[in-house]
Every structure is written in structure tokens, then in C-alpha cells.
Amino acid sequence: MQYIKKILIVMLLSAMALGVSAQEFRCSVTINSQQIQTTEKQIFETMKQTIEDFVNNRKWTTLTFEAHEKMDCNIGLILSERTSLTEFKGQLSVQIRRPVFNSNYTTGLFNYIESDFQFSFNESQPLEFDLNSFTSNLSSAISYYLYVFLGITFDSYALMGGENFYEVARTIAQTAEKSGFRGWRNTDGQKARYWFMENYTNPTYQELRKANYYYHRLGLDMMTKDQNEARKNIMEALRSVQKVHKIRTNLLATQIFIDVKIPEIANIFAPASDAEKKEIYNIVKEISPINLNKIKDFNGR
């Protein structure tokens with residue numbers, strides 16, 4: 001598959017820069033403003049277009065992508081309040097998927113919702129991004145998640161392949177921490193932006209990144225070649241996530257991993273042995289009991 005070969009080569013080179021061409025993302029943006037009472041609806045159309053232009057028309061790496069190779073992602077805003085002409089509050093949701101080798105199937109890599117997101121937006125100004133300075137909470141948050149997307153995607157193709165991108169996300173978070181907006185500091189709660197970046201750059205939790213590689217490159221991408229071997233590697237990936245959970249419970253990254261993957265895991269292991277199903281059940285029970293109802297049949301009859 002040309003796309004996988006290209007991305008593996010680029011990851012080996014570990015080349016990355018901030019420029020202005022050869023875009024990487026095909027991002028769809030949705031703005032839900034139903035909770036805001038206003039006759040000025042045009043600002044929300046402008047907001048949608050501005051964010052899409054910011055993501056899709058900017059170069060975020062040194063990669064040159066063909067149209068069919070771009071990364072598909074979604075960014076959504078559910079606005080709950082407009083506190084001034086340019087100040088908004090609401091929810092921010094972000095998702096990214098990646099293709100699975102030799103199939104028409106795409107798999108979720110990251111799916112997250114921030115319930116308390118505040119930002120400024122002026123429809124007469126484009127979004128700007130500078131790695132070493134804070135320009136706005138909206139552009140910094142979006143840029144942060146784009147580099148998280150890149151890190152996760154590259155890790156899924158090569159072991160530790162997303163290192164450089166996580167470091168950029170870390171820099172964005174450190175720069176934005178001084179802004180006063182919630183989500184960038186480690187004191188802003190267990191689901192703060194700070195923690196996902198920390199989880200993926202902390203050497204103590206490197207098994208998370210191994211899990212990403214084993215699950216996708218050695219697991220899903222191998223399904224059409226050898227399902228038993230692929231399932232074995234996906235099981236190994238889940239054991240790696242479990243190891244991290246034992247080191248520190250309730251990490252944001254481990255919870256997101258299980259939340260995103262649990263429906264897929266249920267399908268992958270449906271034809272597996274009772275012993276494998278029982279192990280999957282016990283891993284999920286330990287890491288994310290709230291998801292047990294999705295694999296309740298794995299606990300035996």
C-alpha cells in the first residue's frame with residue numbers, strides 16, 4: 001500500500017517542520033449553535049470555514065500527501081454560551097481515524113470531548129499559529145490536537161514513530177499554560193489537555209505507544225493475512241495497556257484507548273477461544289469497568 005510505505009519512510013527520517021504547503025489533513029468541522037439565542041447566524045458559518053481553512057490549508061509537517069492519503073479527522077463545537085461579541089463557551093470534540101491495510105475499513109485512533117471549552121473568535125481575523133507564542137485558545141487547542149493526531153497515527157505505523165509530533169504538542173501545551181485558559185495545566189483536572197500529552201511523552205508509560213503499534217500495524221493491518229497472529233498481537237497490545245494501568249490507575253490515555261477500541265475489540269475477539277475472551281474481559285474490567293456491558297458475553301455463560 002503506497003500510503004503506508006510512504007508514511008513509514010517519512011517516519012524513519014523523522015523529518016518535521018512548520019511550513020505553508022502540502023497539507024496533511026482532510027478535516028470536517030461542525031458548529032452547533034442551537035443553544036445560543038441570536039439572529040446573527042453568519043458568524044457560525046464563518047467560524048466553521050475559518051477552522052476548516054486553518055486545519056486543511058496549512059502545512060503541519062514536511063510530508064507531501066496525495067489527496068487520497070490525507071488524514072481524515074473531525075472537529076466539533078457545541079456552543080452553549082456567547083458571553084460577548086467574541087467570547088464563547090461550549091464543548092470541543094475531536095476524532096481521527098486511519099485506514100486498515102488491504103481493506104475498506106477505517107479504525108478510530110482518538111475520540112475525545114472537552115466539556116468546558118472557552119475561546120475567543122473574531123470573524124474578521126484568521127486563526128494564527130506560532131509554536132513559541134500563544135495567539136488564541138482556539139488555535140492552540142486545535143493545533144495541539146492535530147499534533148496529537150499525528151503522533152498517534154505515526155505511532156500506529158512504526159514503533160515510537162510519533163515522537164517528534166508529541167514533542168510539538170508538549171511545546172504547545174507549555175506555551176499555552178501561561179494563558180490562564182483551563183485545560184493546559186496539571187491542576188485543571190484529570191481530563192485536562194495536559195494529561196494526554198504527559199501520558200504519551202512520559203517514559204514510564206511507553207507501553208502505551210507499543211500498544212498502539214501492536215494493535216494497528218501488527219494487529220489490524222495483518223488481519224487479512226493471518227487472523228490468529230493478528231489477534232495475538234492485539235491481545236499483546238491490550239496487555240501493554242494493562243501494564244500501564246497497573247503502574248498508574250485512571251490515566252487519561254488508557255481510558256481513551258479502551259473507550260475508542262471496545263466495540264472493535266468485541267468484534268475482533270468474537271470468534272476467539274473462551275480463554276482469550278475471558279482475558280479480554282478481565283483486562284477491561286480492571287481498566288474500564290464502565291465498558292464491560294459491551295463484552296458481557298466474554299465472561300462465560
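Of note:
- Screening the stretch 76-111 for residues that are of a type in the set (Gly, Ala, Ser) and assigned to a strand (DSSP E or B) and picking the one that is farthest from residue 30 (Cα to Cα) gives 108.
- Residue among 277, 261 that is open to solvent by less than 10 Å² (accessible area, probe 1.4 Å), within 18 Å of residue 219 (Cα to Cα), among the basic types (Lys, Arg) and in a helix (DSSP H, G or I): 261
- Residues that are open to solvent by 10 Å² or more (accessible area, probe 1.4 Å) and part of a loop (DSSP other than H, G, I, E, B) within the stretch 190-245 comprise 190, 191, 202, 206, 217, 218, 223, 224, 225, 226, listed in sequence order.
- In the stretch 246-258, of all residues being assigned to a helix (DSSP H, G or I) and not small (Gly, Ala, Ser), the one that is nearest to residue 278 (Cα to Cα) corresponds to 258.
- Filter result (of a type in the set (Gly, Ala, Ser) and open to solvent by less than 10 Å² (accessible area, probe 1.4 Å)) within the stretch 95-139: 139
- Which listed residue, of 34, 2, is modelled with pLDDT under 55, farther than 17 Å from residue 85 by Cβ and open to solvent by 60 Å² or more (accessible area, probe 1.4 Å): 2
The values are calculated or read from the model by the stated rules, or taken from the named source; none is laboratory data. Owing to the predicted nature of the structure, the values given are computational and were not obtained by experimental measurement. Using ideal geometry, Cβ is built from the backbone for each residue, glycine included, and neighbour counts are taken over all protein chains shown. For accessibility, only protein heavy atoms count, side chains too; no ligands or nucleic acids. Shrake-Rupley method; radii C 1.70, N 1.55, O 1.52, S 1.80 Å.
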